[in-house]
Each structure stands twice: as structure tokens, then as C-alpha cells.
Amino acid sequence: MRMMNKLFLPHSALPGRVPRRFARGTIGAAITLLQSTWVYGQVADNSPLLLKSSPQLQEQLNPEVRSSLPTFVSGQHITGRPDLETTVEGAALLRRGDVVIKADRLDYYQPTDLAKAIGHVRVNRAGNVYEGPLMELRVDAFEGFFNQPTYHFLRNQAHGQADRVDFLDDQRAVIHNATFTTCKRLPGPSWMPDWILKASTISLDNEEDVGTAEGAVLSFKGVPLLPIPFVSFPLSDQRKSGVLPPTVGMDNLNGTEVSVPYYWNIAPNRDATITPTLMSKRGLNLDTEFRYLEASYAGNLRLDWMPSDQLRQSNRWGLNLNHQARIQSAWTASPAVLNMSLNRVSDDNYWRDFTRTNSSLTQRLLANDATLAWANGAWASSVRTLKWQTLQDVTAPITPPYDRLPQIATRYTRNNLLGMDVTLDADYTHFQSDRSRTLQPNAERTFSMLQASRTFQSPAGYVRPKLQLHATHYQFDTALVNGASSASRVVPTLSLDAGVVFERDTQLFGRHLLQTLEPRAFYVNTPYRNQSMLPNYDSGAYDFNFATIFLENAFVGNDRISDSNLLTLGVTSRFLDPETGAESARLGLAQRLRFRDQNVTLPGALPVQDRISDILLGGSVNWDPRWRLDGTVQLNPTTDQSVRSTLGIRYSPGNYRTIQAAYRFQRKSSEQIDIGWQWPINDLWGDRGQNLGAGQGQGEGRWYSVGRLNYSMNEGKLVDSVLGFEYDAGCWLGRIVLERLQTSSITATQRIMFQLEFVGFSRLGVNPLKSLKANIPNYQYLREPGAAGHLSEWPCPRPAPCGVASTHRR
């Protein structure tokens, strides 16, 4: 039987603390050595010294802790001289802290802390493994070299081989004539990874979590894709500065586009992405995005600038700023909150020409909004400035909304004041716009509303009477048609809301449920006040749905207070899980009964004379967590026809499996079908994949179909569409996506996005992930983005973070 000798060298005894010389290869010599070092490893309870290998290594050790750790040496034959060297032959092993060295022969020089290993050398440092024929290493400093090594890195599961590795210190190394890939090594001498990076040198900096390669070539399936003079890549999911891989794309507006982004990790709480893009039809565009995050404020700034658009023969630019801040004040009970959103572009055609820029800049109405809000006890106040940029189209002009320069509002809320809940709202707004387009004067409006209500509650239901008093005063910059330069209005409103709840235990399809029956009655009475001469600055009609049918006013905003004498009746029945309260199904019905005409209308609208309103029918079914069905129908009781209908169904049995369909109908307006999905194609031939969890895919060699189709039945064509496929090969992902977005009734933008993602390294091509996430409900990434896109402490100011070479911009 082969005996294994083991030697324990306390670090305090290195060098010069091994008192006796020991002989080659005898059990007695090993025992003598253990006895001679007993004084350095002894513990207080005089228990015998036990030496054993540890199957686990701590990934990170403090340098001070590492320097004080003992050294363990074992092998078949151990020789040496005190205070000088130790030689181990046959299954040699040296272990100190998070470093393990194995070899056929190991020479350790104590004065210089130098280990020389020969034959089948294997070094494991904190999970990073190097293997080869020859190594020299200063163990504590981790300085030295390794000839002809293969290596495997723990964090990103990358591996490769090289002619030589130079360990500069415990955090940095330079690898010569190296390869790098994250493809799993398969048995056999002929195996080649699907993708591989070959470089003259690869430098690794674990302290900065970044690697750089010089004189590199990236190959895919044996075909060289891209010569790379210099490239940097992450060793983890942490953010880093560097040039991101270029993207190439084509569309029918800008032609061929080539972008080369640069990511600047300014600080843990600040970063910037600078992206020059060359468009074959337009010229050079520079996109700069800056994000910042402090203890009391955060935000992001984006500027797109095209110095000379060859198609429009002009300079083009777009600006977007979002800023949030908390401001401490001795005058308020809590910090004041500042929210700012600025959106400006160079010209009226910007939204049409640059459809894929920041979503807030692709609309025809661009809001520039700043609000400062604060609270102090029962008072909550705010100051707001809002200015619109309206992008006009000569073929479809729009009336610009009113700027609010400024709007000052306050609210006083007091509960249980003499048994009542009391609210006072006051608002001053200065409205400004282009009178030649609005065809009405600008104005200063002062509005206030006093509201008092009391709720009588019992276990079976409630009754809530409420009284409101609206008072409004206008001061116009030009006279009205009747010659008035000012106007006032006072309108009272009385409402009564009542409801009861009945419950019973029931069974449905073999399930025990709690069923409720919840009838509700809502009466409102507001006298008529002639408001036809008043301009309309911010009022609009509420949408007719279950949320608005039980409101006192038919209009949103403060320029119109509807006259009402009506009763709304409704009933809801819900089926609940008696244990958890989860809702399995819900059905609802509501209708208004009008006792007199509604004569207050928006400009150009007719009075409402119907004594009974349309009937609202709605419901949802969530019987099985995988299925959800919901729908709403607005039915005209006179014609027995549907005025508006929506029906949606979703089936999501697990990760990467979701199908959602919706039908939307509005009589004399639109009728559309919307279908979105993400589904593994391998399911068609019975390959269900593995359940690896969200963000990990379902295993190698799987195809996924993704898409969303919006079809207009009135026009008989697809309005918007996204259709594509994804392939997961384990160490790389492939995506091809076709996108078509309607920009007007006769124009649309189209593009093809193709991307290769080399897992743990980089991406090439046009990134379709933002489009897939925005268009496909419940879409899941095959590889979940890590922390790369997030600034420290707070969440990112926006949901689409910038990234690094391994994750890029999502």
C-alpha cells in the first residue's frame, strides 16, 4: 500500500522555523516532522493535530489574512533542508489559502516563497484553474510564469490555451499567443469551439474586472469574422469603460447604418455612452448619453446631433433630459421632490425621420415639464411649468395644447373632521398657446373645489354622501365673442354612493370558492350652469369604462363641470379562494339612468339626451395560473349592437412560453387583432428542454420563435409587426428579427436586425432586444442582463440601461 506523507508548515515558521531535518519517504519521518512543528500548530485543548484536504475554497481572501495562513504540503516523497527548501515528488500538493498547486514534482524555496512545479502542473487560485507542464510562482505575491498552459476562469466560465502566462501579481496576468472562448469543452482531440478569440496577448485585470486583447481575430464556426487590433471585454457583469462592438443595420429611411459605441464608466454613480453612427443616406450622427446618480438626485441626459443631414440639407438634433431630486427644507415635513423632463428636437420632421431614437422624441407632441412638489402636515403643494413643442405636418395639422407657465396648486386634506372627510383643492394656471391655431384667447385661471363626505360603514356595506363646490375665475388676454375679458363660475355637486356585499360558500368545477355579490348604486346631481362661452384649456371627455362610470363629472380637467341628474347602477360578482383571497373570476355589469339631458358639453359636441346609457359588461377569468381571459363590451341597448369591445387571452405555462392575443373593436372607427408570442420551436418535435430558470434559456440547441402582429381588419393589412427567431447554442446566441412600424397612413419604416451574442464576451450586429422587450408581452431574455447596466445604490433612471461588452445596451 502506497503511503502519503503530509507536512504542515505554519506561516509563522516560514522561513527558519523547521527545527529538524527529515528523511526521505518514511512514515516515521513524517511523524517526526509533525511532532517538530507541534508547537506552532498546537491549540489550547491539547487535542491531536489533524490535517485534511478541503474540497472548497473561499473565492476572495483579504491579503492580510492570506499572508498569515499556514502552508500545507503533501506528496509521496518529501525531502528538504531547514529554512531553505522543500522538495515533494509524486502527487505533490501545496496549499495556502485560496491557492492550490499540484504537480509531479514541486520545489518550494522558503526564503523567497518561490514554488517550482514540473509535470502535470495544476494551479487553482480562487476557482481560476491553470494546467500545463512547467510553472514558477511566488505563492503569496502570485508572481511568476506558466509555460504552455490551459486555463479556465470561474466567473464567466471562459477557457483557452496559450504559449505562456505571466502572473504580474495576484490581480493581473498577461497571456501570450492565447485563445479565449466560453464554449463548453467536449471530449475528443478534434473538438473546436463554435467561437474563439485568438490573440497575440490577452491581459487580465481581476481588480478592474476587465480583459484586453491585442492582435486578435474573432472566429465563428471556423470562419474569421472580425480582425480586432484591440478589444476589451468584461471578466464579470460589472460595468467598464471601453469601445463596444460595432453594430451594422439597414432600413428604408437611413440606408446602411454603422455604429461604434464607446462606454465610459466615469464613476460607480456616473457613466456615459458616446455613439457615432454613419448613415449612408444622411451622414454622421453623434448620440451621447450621460447618466448620474447621487444621494439626493439622479437623471439622464441624451443628445443626438447630426451636423449635416444630406437628405434634409440641414442640421438635426434631439435633446432628452430626465432629472429627479429630493430637496431638504426646514419649511416642509419631508423633502421637496423635483421632477424634470425636457424634450426638444430641431424640426417638425424629426419624429418621422428618426423613429428609433428615444421614445419620448418620436411623438409629435413633446412635453417640457418641471414640477416641484412638497408636503407639510395636511397641506400638499406644487409648482409646475409645462411647455409643449408641437411638430406640425401640413397634411395632418394638430391643435397645439396649452403651455402652463406656471401652474400652482395646493391641497388640504383632513379626515374625521367633525365626523367628515374634508378636502380643499386650489389651482392657479396661466395658459399660453398660439391663438391663430387654438382660435381662443389665452388666460389665467383660478380654480378651487371644496369637498366634504362622510362614510357610514357596516360589515354588510356602506353609504357615502358627498358635497362638492366648484369655483372658477378666468382672466383673458383678449375679449371673448361677447366682449367679456373675464368670467366666473360656481357649481355645486351632490352625490350619494352606496353598496352592499353578499357572500356565500360555493363549489365550481370541484373547487371550494367564496362567491360575492356586490350591488352598487351611485347618484349624482349637479345643476346646469351655462359654460358654452368659456374657452376649453384642459378638459376632455372621460373614457366610458368601469373606472369612470362612478364619477361625479363626465369631464377630466377643470374647464367643464357636467350638469347631471343621473343614477348609476352596477353589480359585481367575484369568485375568491377562501384561503388566500386570490380572485379566480370576476363578472361585472353597469349602466347609467339619466333623468334629464346633459347640456354642458365640449366645444362642438351635442347635448346628451339618452335616458339610458350604454351597458358595460366586463369580466376576467384567472382559473389556472397559466391562463388569463378578460374582456369588456360596451353595448347599445337601443340597437343591441356592440359600440366597443375588447377581448384578451394569455397563456403562459412556463419560462419562455407565452402567447397573448387581443381583439379590439370600436364601431365606425377601428377593428384590430393583436397577437404576440415567445415559444420554443423544439416543442413541436417533443423536445421540452430543461427548466434552468428565467434568464438561463432551456439548454443548448434550442430554437425560439418570437413576434407580435397587429392587423387592421378595416384596412386589411398589418399595421405594426415584429417577427423573428432566436437560437441558443449555449455559448452563443443568434437572433434575426424583422420589424415594420407604421409612421402614417401611407408610410412605414422597415428594418432587419441580425445579431450574434458570444456569451460572456460580446455581441455583433444590430441589437433587437429592446424592440422584442417593448413589443412582446412577457418576453424573457435567454441570458438575463446582470448588473452591468445599473448605477450603484438606486435603480437606473430609465429601464433601458447602458451596458458593457458582455451585455451591451439592452
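The values are calculated or read from the model by the stated rules, or taken from the named source; none is laboratory data. Remember, predicted model here, so these are calculated numbers, not experimental data. Positions of Cβ are generated from backbone atoms using ideal geometry, with glycine treated the same way; all protein chains shown enter the neighbour counts. SASA here: full protein model, heavy atoms, side chains in, ligands and nucleic acids out. Shrake-Rupley method; radii C 1.70, N 1.55, O 1.52, S 1.80 Å.
The residue that is nearest to Asn525 (Cα to Cα), among those in segment 468-497 that are assigned to a strand (DSSP E or B) and touching a Phe, Trp or Tyr at 6+ places or on another chain (Cβ under 7 Å), is Ser495.
State which residue is farthest from Ser573 (Cα to Cα) when the search covers only segment 473-516 and only residues that are open to solvent by 50 Å² or more (accessible area, probe 1.4 Å) and touching an Asp or Glu at 6+ places or on another chain (Cβ under 8 Å). Restricting to residues being open to solvent by 50 Å² or more (accessible area, probe 1.4 Å) and touching an Asp or Glu at 6+ places or on another chain (Cβ under 8 Å), the top hit is Gln475. Given the conditions (1) acidic (Asp, Glu); (2) exposed (fewer than 15 other Cβ atoms within 10 Å of the Cβ); (3) at pLDDT 90 or above, and given that Asp369 satisfies all but one, which numbered condition is not satisfied? In the conditions (1) acidic (Asp, Glu); (2) exposed (fewer than 15 other Cβ atoms within 10 Å of the Cβ); (3) at pLDDT 90 or above, Asp369 misses (2) alone. Within segment 666-721, being hydrophobic (A, V, I, L, M, F, W, C), more than 30 Å from Gln634 (Cβ to Cβ) and surrounded by 16 or more Cβ atoms within 10 Å (Cβ to Cβ) holds for Trp679, Trp703, Val706.
When segment 727-748 is limited to residues that are open to solvent by 40 Å² or more (accessible area, probe 1.4 Å) and without any contact (Cβ under 8 Å) to a residue 40 or more places away in the chain, the one that is farthest from Gly255 (Cα to Cα) turns out to be Tyr727.
Comparison of Gln634, Gln641, Gln660 shows that the only residue that is without any contact (Cβ under 8 Å) to a residue 40 or more places away in the chain, within 28 Å of Met713 (Cβ to Cβ) and polar (S, T, N, Q) is Gln641. Of all the numbered requirements in (1) open to solvent by less than 20 Å² (accessible area, probe 1.4 Å); (2) free of Cβ contacts under 8 Å to residues at least 24 places away in the same chain; (3) among the small types (Gly, Ala, Ser), Ala336 misses one, and that requirement is (2). What's the total number of residues in segment 173-199 that are charged (D, E, K, R), open to solvent by 50 Å² or more (accessible area, probe 1.4 Å) and in contact (Cβ under 8 Å) with a residue 24 or more places away in the chain? The total comes to 2. Looking at Thr399, Thr413, Thr429, Thr395, which is the one that is in a strand (DSSP E or B) and over 21 Å from Ala487 (Cβ atoms)? It is Thr413. Any residue at all in segment 749-762 that's more than 24 Å from Tyr656 (Cα to Cα), without any contact (Cβ under 8 Å) to a residue 60 or more places away in the chain and surrounded by fewer than 17 Cβ atoms within 10 Å (Cβ to Cβ)? No, every residue in segment 749-762 fails to be more than 24 Å from Tyr656 (Cα to Cα), without any contact (Cβ under 8 Å) to a residue 60 or more places away in the chain and surrounded by fewer than 17 Cβ atoms within 10 Å (Cβ to Cβ). All conditions in (1) open to solvent by less than 80 Å² (accessible area, probe 1.4 Å); (2) polar (S, T, N, Q); (3) within 24 Å of Leu569 (Cβ to Cβ) hold for Gln457, with the sole exception of (1).
To keep it simple, each residue is scored yes or no on (1) of a type outside the set (A, V, I, L, M); (2) without any contact (Cβ under 8 Å) to a residue 24 or more places away in the chain.
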site	(1), (2)
Arg650	yes, no
Glu671	yes, no
Arg688	yes, yes
Arg702	yes, no
Val706	no, no
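Could you list, in sequence order, all residues of segment 659-701 that are part of a loop (DSSP other than H, G, I, E, B), of a type in the set (D, E, K, R) and at negative phi?
Let us first name the residues in segment 659-701 that are part of a loop (DSSP other than H, G, I, E, B), namely 667-669, 686-701.
Checking which are of a type in the set (D, E, K, R) leaves us with 667-668, 687-688, 700.
Listed by number, the residues that qualify are Arg667, Asp687, Arg688, Glu700.
Of the residues making up segment 594-609, at least one is surrounded by 15 or more Cβ atoms within 10 Å (Cβ to Cβ), in contact with a Lys or Arg (Cβ under 9 Å, 6 or more places away or on another chain), in a strand (DSSP E or B) and not aliphatic (A, V, I, L, M). The numbered conditions (1) modelled with pLDDT under 95; (2) buried (at least 21 other Cβ atoms within 10 Å of the Cβ); (3) under 25 Å from Ser241 (Cβ atoms) are all true for Val258 except (2).
Considering segment 517-540 alone, what residues qualify as being closer than 30 Å to Thr399 by Cα and open to solvent by less than 70 Å² (accessible area, probe 1.4 Å)? If the condition is that a residue be closer than 30 Å to Thr399 by Cα and open to solvent by less than 70 Å² (accessible area, probe 1.4 Å), then Gln531, Leu534, Pro535, Asn536, Tyr537, Asp538, Ser539, Gly540 are the ones that fit. Among the conditions (1) surrounded by fewer than 21 Cβ atoms within 10 Å (Cβ to Cβ); (2) small (Gly, Ala, Ser); (3) within 21 Å of Ser341 (Cβ to Cβ), the only one that Ser308 does not satisfy is (3).
Of all strands (runs of 3 or more DSSP E) completely enclosed by segment 704-810, which ones contain at least 3 residues that are modelled with pLDDT of 85 or more?
Values: elements: 717-728, 732-742, 748-758, 762-765.
Hits in segment 704-810: 717-728, 732-742, 748-758.
Take the conditions closer than 30 Å to Ala748 by Cβ, in contact (Cβ under 8 Å) with a residue 60 or more places away in the chain and either crowded, with 16+ Cβ neighbours inside 10 Å or touching a Ser or Thr at 6+ places or on another chain (Cβ under 8 Å) (or both) and apply them to Pro234. Does it pass? Taking the combined requirement at face value, the residue does not satisfy it.
Just need a number here: residues in segment 261-273 that are open to solvent by 60 Å² or more (accessible area, probe 1.4 Å), touching a Phe, Trp or Tyr at 6+ places or on another chain (Cβ under 7 Å) and closer than 17 Å to Thr247 by Cβ.
0
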